[in-house]
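Below is one structure, written out as structure tokens; the observations come after it.
Every read-out reported here was derived from the displayed coordinates using simple, explicitly stated rules and does not represent laboratory data. As the structure is a prediction and not an experimental result, all values here were calculated from the model. Cβ placement follows ideal geometry from the backbone for every residue including glycine, while neighbour counts extend to all protein chains displayed.
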Amino acid sequence: MNELDWIRKIQSWVEAPAKGVAVGIGDDAAVLNPSEASLVLTTDSLVDGVHFDLAYSSPEDLGHKALAVNLSDIAAMGARPKYALVNLVLPPGKAENFLPGFYKGLSAEAQSAVTSIIGGNLSRCEKGLVICVTAVGEQVGAPRLRSGARPRDTIFLWGAVGHAAAGLQALQSLGLEEAKALFPTLVQAQLRPKACLSDAWLSLGVHASIDVSDGLVSELWHLARASSVGMELFPQNLDLTALQPLADESGAAALDWALYGGEDYALLFTAAAGKDEEIARALPGVRAIGRVHAGEPSVWISTEKGHQPLEARGFDHFGDTKA
Ligand SMILES: [Mg+2]
């Protein structure tokens, strides 16, 4: 099949474009008739050998994940995802065994997030595989920035942290089949993370927000620096239940995965103290995990010995490797 054949195939695999799409897949560009809301745009890439290993990730997993990581950024801004463009670079001969599964996963993820796939691009390379997705959302209320945290705010975490990193360790040490059988929740978090999407989230009064892609402490530092505040974390409020069995077996520290593991796509946000009950009702599973303080940007936990600072380590593509 040639490129045009594949584009026709892809067109048949994705849902018909929703309201607001004047021209979808198949022309030189997509055309939108946006509503009055501000548009929110983000883009993210998954690179073979950097973000995934085809020994563990199926094409279908990658379809889910490539869209979910973008939806997570849209959600962090307080926006509702609407559209996505998909750009794939793959070697000749790869299309047959990759594209059908990839688009199956991508379409399922798009459908569950009410997001239309409106176009993209297919290119060839010598080897490897690069998946780039661009997502467009509609802002609901004011944009939720990293710079909005205020002293005395409560810090909330919605979604699990450490699961994806622990899942990767399980895959690497046990192999796909055994890891899936023994630690299904952790492996699922690594291979098919879900973005935190809900209408209830969009209507809450939130001061600052970020999604947890590079590790909890790393994201706390982003909020601390952007908002010029101190962030006190209560580690005893983190849920380590699902991490503990693998930590016991491997001799790793569950708390380290929760603090420094990446790729979880939970939402970390701050809101005025006193909103705990309203937020707990709106977002099942949300946890109050810390407090914002006036002062120089910093992140710490309190122990009997006093403040214990937490370093800003985590995943940085152009710095240290994963902690
Ligand atoms: Mg992000």
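Using Cβ point charges alone (K and R +1, D and E -1), the dipole size of the chain about the Cα centre works out to roughly 560 debye. Here the sum of -39500 (n - 2.57) over DSSP H runs of 4 or more residues, divided by the residues of the chain, equals -10000 deg cm²/dmol at 222 nm, to the nearest 500.
Sorted into 10 angstrom bins from 0, the C-alpha pair distances of the chain split as 6, 26, 32, 24, 11, 2, 0 percent.
The mean sequence separation of alpha-carbon pairs under 8 Å and at least six residues apart, normalised by the residue count of region 3-139, gives a relative contact order of 38 percent. Cβ-Cβ distance of S12 and Q308, R₀ of 45 Å, FRET efficiency by 1/(1 + (r/R0)^6): the value works out to about 0.20. Here the spin labels are modelled as points 7 Å beyond Cα on the Cα-Cβ line, and at Q244 and Q111 they lie 3.8 nm apart. Charged neighbours of F269, selected by a Cβ distance under 14 Å, balance to 0 (K, R count +1; D, E count -1).
The residue among H51, V114, N97 whose Cα reaches farthest toward the positive pole of the charge dipole of region 3-139, with charges on the beta-carbon of Lys, Arg, Asp and Glu, is V114. Mean-square fluctuations from a GNM of the chain, with a 10 angstrom spring cutoff on Cα atoms, peak among E109, E36, E60 at E36. Among S107, S35, S203, the residue with the largest mean-square fluctuation in a Gaussian network model of the chain, with springs joining Cα atoms closer than 10 Å, is S35. Counting only DSSP beta bridges whose two residues both lie in the chain, roughly 75 percent are antiparallel. Estimate the FRET efficiency between A181 and N237 by the formula 1/(1 + (r/R0)^6), using the beta-carbon distance for r and 25 Å for R0, to the nearest 0.05. Between A181 and N237 the formula returns 0.25. The residue among V40, P17, I74 whose Cα reaches farthest toward the positive pole of the charge dipole of region 3-139, with charges on the beta-carbon of Lys, Arg, Asp and Glu, is P17.
In this calculation the C-beta distance from E3 to E36 is compared with R0 = 41 Å, giving a FRET efficiency of 0.65.
For A142 and R124, the difference between the fully extended length at 0.36 nm per residue and the C-alpha to C-alpha distance is 2.4 nm.
Of all lysines in the structure, the ones whose alpha carbon falls short of 23 Å from that of K65, not counting any fewer than 8 places away in one chain, are K9, K82, K94, K104, K127, K180, K194, K322. Evaluated with a Cβ-only charge set (Lys, Arg +1; Asp, Glu -1), region 146-309 carries a dipole of roughly 440 debye about its Cα centre, given to the nearest 20.
If you run the Gaussian network model on the chain, springs between alpha carbon atoms under 10 Å, then out of A135, A254, A66 the most flexible one is A254.
Figure legend: label point modelled 7 angstrom from the Cα of S228 along Cα→Cβ; residues of region 148-163 with amide N under 13 Å from it are 148-151.
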